[in-house]
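Have a look at the structure below, then the notes.
All of the numbers you see were taken from the coordinates with simple rules; none came from a lab. The structure presented is a predicted model; accordingly, all values stated were derived computationally and were not measured. Counting neighbours? That spans all protein chains shown, and the Cβs are built from the backbone with ideal geometry, glycine included.
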Amino acid sequence: MYPHHRRTSQNTGEAAGSIGYRGSPVNETPDEIIDDTLTGSGLVAEKAKRLAKVDEIRTSGQEPYPYRFDRSHTLAEVRAEHGTIEAGTETDVHVSVAGRMMLKRDGGKLIFANLRDRSDQIQLFISKAVVGEDAFVAIADLDLGDWIGVEGVVMATRTGELSIKVRSMVLLAKAMRPIPDKWKGLTDTDTRFRQRYADLIVNEEARRAFQIRHTMISSFRKTLTDHGYIEVETPVLHMEAGGAHARPFITHHNTLDLDLYLRIALELHLKRLIVGGMERVFEIGRIFRNEGMSTRHNPEFTMMESYQAFADVSDIIALTEELITNAARDALGTTVVDLGGEMVDLSQPWRQVRMIDLVAEATGVEVHPSQPVEQLRELAAKYDVKCAPRWGSGKIIEELFEATSEHLLIHPTFVTGHPVEISPLARVDRTDPFLTERFELFMVGREFANGYSELNDPVEQRLRFENEQAAKDAGDDEATGVDEDYIRALEYGMPPTGGLGVGMDRVAMMLAGVSSIKEVILFPTLRPEVL
């Protein structure tokens, strides 16, 4: 994948093969790399050797872990300002830069190294004649992975490789463990996620995924702010676990001697703010659901929820398209993304189709929540969909949709018209009392967003909550109870409102082109490490 690098040519005073590639950090050859999978005596011996180096530095009167370093430029700034200088040019531009040393080659009187910071990586050109013999020996004794600060002048080698001709170098932090190598890396996925710090050192794709995630979240904030939304923060600890169907985590507050729930959604507190007159609010926050783990699910994840007064579901559908399309453009530089192996332009209008129509397409049978439940149970049995005794027609239709249709929705699709039974916080459809003005956004067979015209009638909301409470009492541990304070808020009056929830981790997965949610969560939940 990367070009081979030949040994330093002492005759020309520069690397015969450029070290300035822009890929994953490497050492010279596999034999020269100490793998981080070293165990037992191998790792113990390597750490002891590096600890001895630290002791030697302290004995000499220097500090191997200084308090600070003043840098003048990031490496990306150096490249942006001087990346076009002619080959063989040495400028009079002095820079101070810092980063981790990822490659080092000793050519006798010259050392070539690669320095990498968060933004970029650049070659270091170290001449014994420039830095002096003592400093040259100290630099040669550094290990890959060490953090260093460098002062020097910007130059380009005869092959045109942008470099910094080092005048002085200081150790900023000693790496006691050897970094994983380019060829093996961290081959065990659990180790990659558990030791994310090591994964980020060597894995360019991991760094890219989290840069995409950062840019995506910034894009969401900008789009919402441009539309007049105010970002807010609401409680993580809830008296009632509401706003979604999910099993909550329970914690205990000692002073109040009170069990509380980690929030399973942001919704109900944000809508209280609409009641208070804030009109357009959003929050990007962590959500906690005590459920299973998979490539699509982590017990804690990030949601963006927004609420807009005087809007309905049609406004929210338009906002959802804009948010995700802008995020793709900002994070990737294009609105064309890979969805299930097919390149799709997100800027094109997205399909809208009712859930009941998708089930009819898949089964050849018209379905509707007004049908007798036994008819839908018979249809469900044909598709091996198991039905709980308490389920009504609406819930069975949802299960049929998940079994027959959801996995086929590769292109962006707004699935609309959810049954009332499964939508306790959405307004009834203005043309069909058995359906709601709700949508879920699907791409590549998975849900990305959920939105609706918000139910703002406190009397009807109480009835919906009581139905949820009955389901909870019957054994549904994902059903919610009656939130009396939320009912009280609605009794003060909530204007017509459109609401949206977006799974930010899944959007990041889609934009980064990864198949597991763990690739876009820095520290995902894992089983305890066996030591």
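The table that follows gives values for the structure above.
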item	result
Relative contact order computed over the chain (Cα-Cα under 8 Å; 6+ residues apart), in percent	13 percent
Packing-based order for 302-309, 515-522, using average beta carbon neighbours within 10 Å, highest first	302-309, 515-522
Estimated FRET transfer efficiency when R0 is 45 angstrom, pair residue 472-residue 44 (beta carbons, to 0.05)	0.25
Contour minus Cα-Cα distance for residue 334 and residue 278 (0.36 nm per residue)	16.8 nm
All aspartates and glutamates inside 19 Å of residue 47 as judged from Cα atoms, apart from same-chain residues fewer than 8 positions distant	31, 32, 35, 36, 55, 56, 63, 141, 143, 146, 181
Whichever lysines have a C-alpha closer than 29 Å to that of residue 395, once near sequence neighbours (fewer than 8 apart) are set aside	271, 382, 386, 472
Residue 118-residue 315 pseudo-label distance in nm [points 7 Å out on the Cα-to-Cβ vector]	3.7 nm
Beta bridges by DSSP in the chain, antiparallel share as percent, to the nearest 5	90 percent
Sequence-separation-based contact order of region 140-292, relative, with Cα cut under 8 Å and 6+ spacing, percent	15 percent
Helix-only mean residue ellipticity at 222 nm for the chain, each DSSP H run of n ≥ 4 adding -39500 (n - 2.57), per residue, nearest 500	-9500 deg cm²/dmol
For residue 444, residues with placed amide H under 5 Å, excluding near neighbours	410, 411
Furthest towards positive pole of dipole, 489, 287, 431, structure part the chain, Cβ charges	287
Virtual spin-label span in nm between residue 84 and residue 381, 7 Å along Cα→Cβ	7.5 nm
Cα centroid separation - region 46-105 against region 124-202, whole Å	7 Å
Residue 172 long-range amide H proximity, modeled H, under 5 Å	147, 148, 149
Region 110-208 - charge dipole about Cα centre, Lys and Arg +1 at Cβ, Asp and Glu -1, debye rounded to 20	200 debye
Positive-end residue of 121, 227, 394, charge dipole of the chain with Cβ unit charges	121
Projected area, mean over directions - region 158-266, Cα convex hull, nm²	15.3 nm²
Peptides 417-423, 374-380 ordered by average Cβ neighbours within 10 Å, highest first	417-423, 374-380
Euclidean distance between Cα centres, region 365-387 to region 214-292, Å	35 Å
Extension gain from residue 370 to residue 54, taking 0.36 nm per residue of separation minus the Cα-Cα distance	106.2 nm
For the chain, size of Cβ-based charge dipole, Lys and Arg +1, Asp and Glu -1, in debye	1980 debye
Per-residue Cβ neighbour rank within 10 angstrom, fewest leading, 334, 480	334, 480
Gain upon complete extension [residue 515, residue 230; 0.36 nm per residue less C-alpha separation]	99.3 nm
Given 128/165; 49/109; 104/518; 49/174, the pairs whose alpha carbons are separated by over 23 Å	49/109; 104/518
Positive-end residue of 83, 524, 317, charge dipole of the chain with Cβ unit charges	83
Whole-Å distance, taken between Cα centres, linking region 416-435 and region 438-500	11 Å
Matching label, mean projected area of the Cα convex hull in nm² computed from the structure shown, candidates [x] 43.4; [y] 30.9; [z] 24.9	[y]
Point-to-point label distance, residue 250-residue 485, nm (Cα→Cβ direction, 7 Å offset)	1.9 nm
Fewest-first ranking of 407, 368, using other Cβ atoms within 10 Å as the exposure measure	407, 368
